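K.L.:
The structure follows.
The values are calculated or read from the model by the stated rules, or taken from the named source; none is laboratory data. It should be emphasised that the depicted structure is a prediction, and the values quoted were computed from it without experimental measurement. Backbone-built Cβ (ideal geometry, glycine too); neighbour counts: all protein chains shown.
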Amino acid sequence: MSEKVKRMAGKTIPFVMIMGLICLLAGMIFNVGVSEEKQLVRADTATTTVTIGNKAPDWVQDAEEAAESSVANPTNAGNDVSWNAIANDVNGDDYYLLICSTSSVPTANDGAAPDCAGGSANQWAVSTNTATGTTSTATYTTQPTDPEANNWYAFICDGNVSGARCNATYKTGTGNTASPFVVNHRPDFDALSNNSPQDPAGTITWSTNANTSDPDSYGGQDTVILHVCQTSGWNTSTAQCLGAFWCSSTAVVSNPSCGYNLGSVEQDRTHQAFAFLVDEHGFAHGVQASSSDYDVGNVAPTITAASINLLDTDGSGNLQLLPAYAATATPGFSLEATISDDNSCEAYGGASEINVTSSIAFIYRSGIGAGSCDSAGEADPNNCYVIVGTCQLGPCGGSGDSDVTTTCSFSLWFVAEPTFGAATSQTPWWEEEWLASVKAVDNNFASSTTESSNGNELQSMLAYDLLTDTIDYGTVSPAEFSDQSTSTVQATGNVGMDENLSGVDMDKVGGGEIIPIGKQHYATTSGFDYWLEGATTTGIATELELNCPKSTSTSTPATKDTYWMILIPNAISTGVFNGTNTIAAVTSEGTDW
């Protein structure tokens, strides 16, 4: 057969027709030969040829998702979806697993990976060239812009260098690993806020707005949970805070919120908080979705009234001025009180929450009242003492401890008004007592003031000085009156005074004569009449209603004079006479102070 005929046969003439033409031509030649002359019969041979074309690979193991990507177990955006399959190629060619988004037969490419119908827009993934009979894997990295449900169709194509072919039969998997694959998207975290500051024992609530939800609804709307963590770490495998957490919400469709109950003792400071919004599949909105620190508010410290106690110099309850400190101040009194602060007695950082230098103690007679003794300008040594800056704090038990004891030392002046006694006693303040109020101030200058519930009595202290050493009558003739002489007592205690007076006869120096004690008269009025107004001195102590007032000034104690005169007997010799008069102060009636 000529080359031309061969080419033609290869193009348009079927092989059977070619063989028919050959037989026809042979017959014609034979007939021609027969008609002319007889020929010898013999057999010839004909060469046969065929070209085997490429065949598409066959499915051995249908394609399926390597890991389930379904409504129940979606693939988080950004993670991979992989498919596995096994194909056999009778030509021994390598093959490709191609995952498309349409069922249209893909295009095979000689010596290269195939393309999905419609191009890359319809292609999810393609494997590398894989040896026939072995497992191929195609992988797609999901994107946040992908829809939730994504149909897929798996094809197998060979990589023949000439005439590459694809198997027109597609696979879509079975059961949980079948098409479509499902992409899970991060929930939408629009805004977050909390209601801080809150005082100790309050509740910090974190809230989101109505735009906080999950965009996924394929197979049912996804729910979301709000987690508020104490640190910025997030455990993606367990969908939990990496460390401790403040609170977690319930699973809701949108707008989650959660609350943290503060302890009864909380330091006033800012606490770090990190919020994460997580869907029902554990997919969080970012590594750290948002931070929402919260503040614990500052509250004023308080003092229970029963914890305030005044203590004497010996630690007992009632207060007693000491005679050794007459005309001065008796030291060593103390006040104790327990200060409670719900922000803890320890400030954040370790310093004291209580500002002891600004805290003030007020000690006063109850009749004065706290309102009249609540500033340094109102201090009065008689009935109002203000203690600023000298109190000491006891140890604090740490950030979880609210209570600390304060101890204030103070002195009481000799003029402090006594309250001890009953209705028949000699003090005008017998119905009253001494009280204390404490103003506790914290490091933010928040404060409160509390008055003690139990008072203390202040005892009376009789103390005096006799400012006159000698009652000198001068030179007096027999049967005559002396000039007036004076004795003076000074009140150096906290009471008003009368005095007991007595004396002995005056003896003549050298002996032999006396001037009887009864010749000396006294009175509280200067220039008194010896016979009409004077009282006779005797050897027995007799009270004189001196009515020296209680001292009210610490620098100028109260004083009172007693006036004396003597009548010299008619028959007495000249000379010097000496004697002794005893002057002893006694507490006067309170009405005379």
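K.L.:
Do we have S217 as at negative phi and not in a loop (DSSP other than H, G, I, E, B) here? Talk me through it step by step, then tell me what you get.
P.N.:
On the way: at negative phi: yes; not in a loop (DSSP other than H, G, I, E, B): no.
Considered against the rule, which asks whether it is at negative phi and not in a loop (DSSP other than H, G, I, E, B), S217 comes out as no.
K.L.:
Next question. Among the residues of segment 519-530, are any closer than 30 Å to A379 by Cβ and either without any contact (Cβ under 8 Å) to a residue 60 or more places away in the chain or assigned by TED's automatic domain parsing to the domain that holds T492 (or both)?
P.N.:
As a first pass, look at segment 519-530 and keep what is closer than 30 Å to A379 by Cβ: none.
Checking segment 519-530: not a single residue is closer than 30 Å to A379 by Cβ and either without any contact (Cβ under 8 Å) to a residue 60 or more places away in the chain or assigned by TED's automatic domain parsing to the domain that holds T492 (or both).
K.L.:
Go through segment 558-570 residue by residue and tally those that are of a type in the set (S, T, N, Q) and either over 11 Å from A491 (Cα atoms) or crowded, with 21+ Cβ neighbours inside 10 Å (or both). Working first, answer last.
P.N.:
Within segment 558-570, the subset of a type in the set (S, T, N, Q) is 559, 562, 570.
Then drop every residue that is not either over 11 Å from A491 (Cα atoms) or crowded, with 21+ Cβ neighbours inside 10 Å (or both), which leaves 562, 570.
Here the count works out to 2.
K.L.:
Quick check on segment 272-280. Is at least one of its residues assigned by TED's automatic domain parsing to the domain that holds P215, outside any strand (DSSP E or B) and either more than 22 Å from the chain's Cα centre (by Cα) or buried (at least 20 other Cβ atoms within 10 Å of the Cβ) (or both)? Don't jump to the end; show me each part of the working.
P.N.:
Going residue by residue through segment 272-280, those that are assigned by TED's automatic domain parsing to the domain that holds P215 are 272-280.
Cutting the leftovers down to outside any strand (DSSP E or B) gives us 272-273, 280.
If we keep only those that are either more than 22 Å from the chain's Cα centre (by Cα) or buried (at least 20 other Cβ atoms within 10 Å of the Cβ) (or both) too, we end up with 273, 280.
Yes, the conditions are met somewhere in segment 272-280.
K.L.:
Exposed (fewer than 14 other Cβ atoms within 10 Å of the Cβ) and under 30 Å from C384 (Cβ atoms): which single residue out of S526, S551, S555, S573 fits that description?
P.N.:
Details: S526 fails: under 30 Å from C384 (Cβ atoms); S551 fails: exposed (fewer than 14 other Cβ atoms within 10 Å of the Cβ); S573 fails: under 30 Å from C384 (Cβ atoms).
Only one candidate passes the filter, namely S555.
K.L.:
Among T419, T406, which is the only one that is assigned to a loop (DSSP other than H, G, I, E, B), of a type in the set (S, T, Y) and buried (at least 19 other Cβ atoms within 10 Å of the Cβ)?
P.N.:
T419
K.L.:
Can you name the residue in segment 180-202 that is of a type in the set (G, A, S), touching a strand residue (DSSP E or B) at 6+ places or on another chain (Cβ under 7 Å) and not in a strand (DSSP E or B) and is also surrounded by the fewest Cβ atoms within 10 Å (Cβ to Cβ) among such residues? It would help to see each step written out before you state the result.
P.N.:
Initially, segment 180-202 is screened for residues of a type in the set (G, A, S), giving 191, 193, 196, 201-202.
If we keep only those that are touching a strand residue (DSSP E or B) at 6+ places or on another chain (Cβ under 7 Å) as well, we get 191, 193, 196.
Filter once more, keeping what is not in a strand (DSSP E or B): 191, 196.
Values: A191: 11, S196: 19.
The residue in question is A191.
K.L.:
Give the residues of segment 422-433 that are surrounded by fewer than 17 Cβ atoms within 10 Å (Cβ to Cβ) and either within 18 Å of A329 (Cα to Cα) or charged (D, E, K, R) (or both), sorted by residue number. Don't jump to the end; show me each part of the working.
P.N.:
Step one: filter segment 422-433 for residues surrounded by fewer than 17 Cβ atoms within 10 Å (Cβ to Cβ), giving 422-425, 431.
The one that is surrounded by fewer than 17 Cβ atoms within 10 Å (Cβ to Cβ) and either within 18 Å of A329 (Cα to Cα) or charged (D, E, K, R) (or both): E431.
Yes or no, residue by residue, for (1) touching an Asp or Glu at 6+ places or on another chain (Cβ under 9 Å); (2) modelled with pLDDT of 95 or more; (3) outside any loop (DSSP other than H, G, I, E, B):
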| site | (1), (2), (3) |
| --- | --- |
| A306 | no, yes, yes |
| G317 | yes, no, no |
| E336 | no, yes, yes |
| D342 | yes, yes, no |
| V356 | no, no, no |
| G377 | no, no, yes |
| Y385 | no, yes, yes |
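K.L.:
Would you check if V404 is within 55 Å of the chain's Cα centre (by Cα) and either modelled with pLDDT of 95 or more or farther than 24 Å from P557 by Cα (or both)?
P.N.:
Yes.
K.L.:
Condition check: modelled with pLDDT of 95 or more and under 23 Å from S477 (Cα atoms). Does I514 satisfy that? Show your work before the answer.
P.N.:
On the way: modelled with pLDDT of 95 or more: yes; under 23 Å from S477 (Cα atoms): yes.
Spelling it out, I514 is indeed modelled with pLDDT of 95 or more and under 23 Å from S477 (Cα atoms).
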